[in-house]
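Colleague: After the structure tokens below, expect a handful of questions from me.
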């Protein structure tokens, strides 16, 4: 399957998982998917398949921005980078949701954190950390 097709599939799968986290966080299916980390595991397998192309890119690497640019010029490695983002952002989303549920933080406060984590990774995580600190001060 072409990288563009895989891109569409993994993006859809990740988006569906985010919908479950945001809209149906306590649903048994959502909780099962989180507990077993099904989607990040699937994405990790796909990542492993595509990252193997790393070894065939002449002049590519992680020591300079130019080397990284060479890696991402290859569609397979660009896909691997995208899948990497999808998997790790989901894991952060899972940890935010679990932490908020354990600390009885309103899901309404967590929704912006999850949306921002989905779209801008570290921004959502940072917002959750701020909310968590404010909530512990007020308790």
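A short reminder: the numbers here are calculations on the coordinates, not readings from a lab. These figures come from a predicted structure and were not determined experimentally. When we count neighbours, we look across all protein chains shown, and the Cβ atoms used for this are built from the backbone with ideal geometry, even at glycine.
Colleague: Look at residue 114 and say whether it is free of Cβ contacts under 8 Å to residues at least 40 places away in the same chain, surrounded by 14 or more Cβ atoms within 10 Å (Cβ to Cβ) and assigned to a helix (DSSP H, G or I).
Modeller: no
Colleague: Moving on. Take the range 51-66 and flag every residue that is surrounded by fewer than 16 Cβ atoms within 10 Å (Cβ to Cβ), within 24 Å of the chain's Cα centre (by Cα) and assigned to a helix (DSSP H, G or I).
Modeller: Those that are surrounded by fewer than 16 Cβ atoms within 10 Å (Cβ to Cβ), within 24 Å of the chain's Cα centre (by Cα) and assigned to a helix (DSSP H, G or I): 52, 54, 65.
Colleague: Counting only residues that are outside any helix (DSSP H, G or I), on the phi < 0 side of the Ramachandran plot and either free of Cβ contacts under 8 Å to residues at least 12 places away in the same chain or touching a strand residue (DSSP E or B) at 6+ places or on another chain (Cβ under 7 Å) (or both), how many does the range 74-111 have?
Modeller: Total satisfying the criteria: 1.
Colleague: Name the residue that is surrounded by the most Cβ atoms within 10 Å (Cβ to Cβ), counting only residues in the range 32-50 that are without any contact (Cβ under 8 Å) to a residue 40 or more places away in the chain and farther than 21 Å from residue 2 by Cβ.
Modeller: Checking each candidate, the answer is 33.
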